[in-house]
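The values are calculated or read from the model by the stated rules, or taken from the named source; none is laboratory data. The structure displayed is predicted, hence computed values, not measured ones. Cβ coordinates were reconstructed from backbone atoms using ideal geometry, including for glycine residues, and neighbour counts include every protein chain displayed. The accessibility values were calculated without ligands, DNA or RNA, using every heavy atom of the protein model including side chains. Shrake-Rupley method; radii C 1.70, N 1.55, O 1.52, S 1.80 Å.
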Amino acid sequence: MRKFLPAAAVALCGLAIMACLLLDCWKKENIRNIINSDGRGYYAYLPSLFLFKDISYQKAIAQEREVKGDPGYAPAYLLTYKNRPYNKYFAGVAVLLLPFFLLATAISHLFGLAANGYNDVYQASVSIAALFYLSIGLLWLGRLLKSFSIPDTICAAVLLFFCLGTNLFFYSVWAPALSHVYSFWAINGFMLFSRKFFLQPSKKFFLLSAALFAIIVLIRPVNGIAILLLPFAAGNIQLLKSGFTYITSQKNTLLTGAAISFIIIFLQPLLWFLQTGNWLLWSYAGEGFYFSRPEISNVLFSYRKGLFVYTPLAFVSLAGLYFMYQHSRLQFASILILLAILTYIIAAWWCWYYGNSFGHRAFIDFYGVFALLLGLLLYGFRKNFYRSLLATLCTLCLALNLIQTYQYRYVILHHFDMNKEKYWYVFLETGDEDKNVLSGNNEAAPFGKISEKPVFSVYNEFSAESNKAENAVLLMNENKQFGGSVEIANGNLLKYTQLYVKIKLDKQEPNPKAMDHAFLAASIDSAAGGNYYWESFRLNDMPHQDTHEWRTINYSFALPAIRQNADVIKFYIYNPNGKIFIIDNMQVEVFGIE
């Protein structure tokens, strides 16, 4: 009976996900947003190639606009190279979604629905695909755990903990078109079948390992560091050597595996060629790594997106390295080196918190490694008391994750700008009054060389808007909806590809929540009339009950490049509800990015 426990754990996870899909994601008002965020880019290959035969993506974008009800929607995934559009994202996710996409197309035709790639059937098919790959990935992870003689009861517990106790759950349900659940599946499969190969060398296990490694690269090339797991899979030097000896002696098997890997990975250069005429391309134009200054401490421990803050189960699992060391020093070194390089690469990305996300999503792909460590940790505690204590701690981590998943889904946690004060303000809070109370806008500077000094700087004391020449402040009230305007009309800004703005100001609320619906606005007005950029940021980053206290707030955000010398950049305070509050010491700095 116990041998069915891992499968039962996977089934329980599947039921939890199906419940969320039926009660939330597949509701009429939500289902059209299943393919969202970066997932739009991963998915866009399918309708463009298989329905519209349009590698320019214009027909797919037209369907997206119709689904979103936004005729001005411009996808972030579409960039240009020599005036030819291309999809910045890699095609691995699209390859894995293809069977489900084709099934959705057949169902759409069968029931007389428009086979446009974005109707409700297509949206739901992506959810089903994510659930499928998650389930297989968990089952493979269970088999990997059992290969270390870990009992079925512990295997089942680990699968539950890492599915429901980490942000893998969120990205399987509410962001199924993103790459993480598919990378989780592929990396777990690569670890399992490469281990089977070293334990019992065979053509089947080698070819499976080769194919899965190629898929890992096609989904997200940087995850190719999974190759560092081969010593872990072998377990000791002797098995590592014998595995390589076997494969070098089987020339046909080696060539077949190499051919399979090449064909899979070659799909991406082929798509680049079809889109741009170039076989090789750095598709993330305008983005990259800062290898000389990785944000390692922020990635692991910050309240903004720290891995160990939002996924404490990962931190607990690291204690399993002790038992890994006892089991095999080669495996210990392999895992430790992989985790160190993985953390360094993630922390070196220009936007180290990876934009709008729940927790630090870049680690999800390798959660199988953390799960293995947790399994060894639970198995290593031979006394039931200590094992029960650890299981209780993991259960608390699971409960915290489910609460924070709810908080992120219903905008109690801010989507990217969290800090210590905000985190503890909403800690474990789930009421309606806690939704959408946090704001903030401190974005990472766009990738590139930032000017050492501001190319424009102004300090506004508001003397022109006050009746007092000394100690002047900006008083906003029902008669003053707009104020504190700062304008930049400077042709020198034209040479920069982007601009980065830092604004600091002091604020005071005579009454609680007076600034909850007041904003700092930024716009770029065209010399020809109208504006081509407008954005607003709430002045209150979180509720404050104490009044008459001065608080300093900071903003940092990117602006697009100005188009003409005569265009004007404006910043101002916007008070649509006419509440009374005070602004002082507003400093604006604009930096150029080359």
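For region 35-164, the mean projected area of the C-alpha convex hull, equal to one quarter of the hull surface, is 10.4 nm².
Rg and Dmax, both from the Cα atoms of region 375-476 and both in Å, are 24.1, 76. For the chain, 20, 25, 155, 351, 394, 397 have no disulfide-compatible partner, since no other Cys C-beta lies under 4.7 Å from theirs.
Only the Cβ atoms of Lys and Arg (+1) and of Asp and Glu (-1) were treated as charged; on that basis the dipole of region 511-594 about its Cα centre amounts to roughly 220 debye.
Rounded to the nearest 20 debye, the dipole size of the chain about its Cα centre is 2820 debye, using +1 on the Cβ of Lys and Arg and -1 on the Cβ of Asp and Glu.
Considering only 580, 51, 188, and ranking their Cα positions along the charge dipole of the chain that arises from unit charges at the beta-carbon of Lys, Arg, Asp and Glu, the one farthest toward the positive end is 188.
Our coupling estimate for region 566-579, obtained by passing each phi through the Karplus curve with A = 6.51, B = -1.76, C = 1.60 and θ = phi - 60°, is 8, 5, 10, 9, 10, 10, 7, 8, 10, 10, x, 8, x, 6 Hz, Gly and Pro reported as x.
Taking Cα centre as origin and charging only the Cβ of basic (Lys, Arg, +1) and acidic (Asp, Glu, -1) residues, the dipole magnitude of region 196-325 rounds to 280 debye. A simple rule links phi to the HN-Hα coupling: the Karplus curve 6.51 cos²θ - 1.76 cosθ + 1.60 with θ = phi - 60°, which for region 368-373 gives x, 5, 5, 5, 4, 4 Hz, with x for Gly and Pro.
Its residue count N fixes a reference of 2.2 N^0.38 Å for region 517-594, and the Cα radius of gyration divided by that reference is 1.30. Considering only alpha-carbon pairs that sit under 8 angstrom and 6 or more positions apart, the relative contact order computed for region 391-480 is 19 percent. Applying a DSSP loop filter and a limit of 11 other Cβ atoms within 10 Å to the trypsin sites (Lys or Arg not before Pro) in region 365-453 leaves 382, 383, 449. Each Cα pair of the chain feeds into the Kirkwood radius, which the Stokes-Einstein equation turns, at 4 °C and 1.567 mPa s, into a diffusion coefficient of 49 µm²/s.
For region 349-418, the carbon plus sulfur part of the accessible surface works out to 66%, probe radius 1.4 Å. The residue among 281, 236, 317 whose Cα reaches farthest toward the positive pole of the charge dipole of region 215-320, with charges on the beta-carbon of Lys, Arg, Asp and Glu, is 236. Using just the C-alpha positions of region 468-550 as equal point scatterers, what log10 of I(q)/I(0) does the Debye formula give at each q in 0.10, 0.13, 0.25 1/Å? Log10 of I(q)/I(0), two decimals: -0.36, -0.59, -1.44.
Taking a straight line from the alpha carbon of residue 204, these lysines sit under 30 Å away, with near neighbours fewer than eight places off in the same chain left out: 3, 146, 196, 241, 251.
Sorted on the mean count of surrounding Cβ atoms within 10 Å across their residues, most packed first, peptides 78-88, 584-594 read 584-594, 78-88. Karplus-derived 3J(HN,Hα) values for region 449-461, using 6.51 cos²θ - 1.76 cosθ + 1.60 with θ = phi - 60°, are 7, 9, 4, 4, 10, x, 7, 8, 8, 9, 10, 9, 9 Hz; glycine and proline are entered as x. Give 88/449; 420/502; 28/502; 88/502 a once-over and call out the pairs whose C-alpha atoms are over 32 Å from each other. In this structure, 28/502 exceed 32 Å between Cα atoms. Residues 245, 256 ordered from highest to lowest accessible area at a 1.4 Å probe: 245, 256.
For region 171-218, the normalised intensity computed at q = 0.26, 0.30 Å⁻¹ comes to -0.85, -1.00 (log10 of I(q)/I(0), Debye sum over alpha carbons, equal scatterers, no solvent). Estimated at 0.36 nm per residue, the fully extended path between residue 495 and residue 258 surpasses their Cα-Cα distance by 80.6 nm. Normalised Debye scattering of region 36-76 at q = 0.27, 0.28 Å⁻¹ gives log10 I(q)/I(0) of -0.96, -1.02, counting only Cα atoms as equal scatterers and leaving out solvent. Using the Kirkwood radius over C-alpha pairs as Rh, can you work out the diffusion coefficient of region 168-261 via Stokes-Einstein at 10 °C, viscosity 1.306 mPa s, in µm² per second? It diffuses with D of about 115 µm²/s by this estimate.
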